[in-house]
């Protein structure tokens, strides 16, 4: 997989992430800043490092599984793995400007 193919695949992954919403906040998980890192290997294995808004989040079980499943369905993805972390802890500073505007913070 060359750099251009990797970039196209990453853009496809980001587009999918922008269609997954935290059920308690009307903003997608990408704009919320819940995605810390997207890694794509030469074999198109995708690893996503993500967090939740809190360790006690009611979707702690289901949201990472939804992300994994939807990424695995993208054409060109060989496999997907989700790593959940709480370091650094999520806070409102991680919101994109689009999310801040949507939530009335701007």
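Whether any residue in region 3-18 is in contact with a helix residue (DSSP H, G or I) (Cβ under 9 Å, 6 or more places away or on another chain), within 27 Å of residue 97 (Cα to Cα) and assigned to a loop (DSSP other than H, G, I, E, B) is what I want to check. Within region 3-18 (the criterion being in contact with a helix residue (DSSP H, G or I) (Cβ under 9 Å, 6 or more places away or on another chain), within 27 Å of residue 97 (Cα to Cα) and assigned to a loop (DSSP other than H, G, I, E, B)), the answer is no, since none of the residues qualifies. Taken together, 98, 83, 102, 66 contain a single residue that is touching a strand residue (DSSP E or B) at 6+ places or on another chain (Cβ under 7 Å) and surrounded by 13 or more Cβ atoms within 10 Å (Cβ to Cβ), which is 83. For region 42-57, the set of residues classified as touching a residue at least 12 places away in the same chain (Cβ under 8 Å) and surrounded by fewer than 13 Cβ atoms within 10 Å (Cβ to Cβ) consists of 42, 43, 54, 55, listed by residue number.
In region 2-26, the qualifying residues are those that are in contact with a strand residue (DSSP E or B) (Cβ under 7 Å, 6 or more places away or on another chain) and surrounded by 12 or more Cβ atoms within 10 Å (Cβ to Cβ), and the one that is modelled with the lowest pLDDT is 21.
Within region 56-68, is there a residue that is touching a helix residue (DSSP H, G or I) at 6+ places or on another chain (Cβ under 9 Å) and at pLDDT 95 or above? Checked against the condition, which is being touching a helix residue (DSSP H, G or I) at 6+ places or on another chain (Cβ under 9 Å) and at pLDDT 95 or above, region 56-68 yields at least one hit. All conditions in (1) in contact with a strand residue (DSSP E or B) (Cβ under 7 Å, 6 or more places away or on another chain); (2) not in a helix (DSSP H, G or I) hold for residue 59, with the sole exception of (1). Can you go through 87, 98, 81 and tell me which one is within 30 Å of residue 5 (Cβ to Cβ) and either modelled with pLDDT of 95 or more or in a loop (DSSP other than H, G, I, E, B) (or both)? After applying the criteria, what remains is 81. The sole residue among 25, 38, 71 that is outside any loop (DSSP other than H, G, I, E, B) and touching a residue at least 40 places away in the same chain (Cβ under 8 Å) is 71.
The values are calculated or read from the model by the stated rules, or taken from the named source; none is laboratory data. Source: prediction; values computed, not measured. Counting neighbours? That spans all protein chains shown, and the Cβs are built from the backbone with ideal geometry, glycine included.
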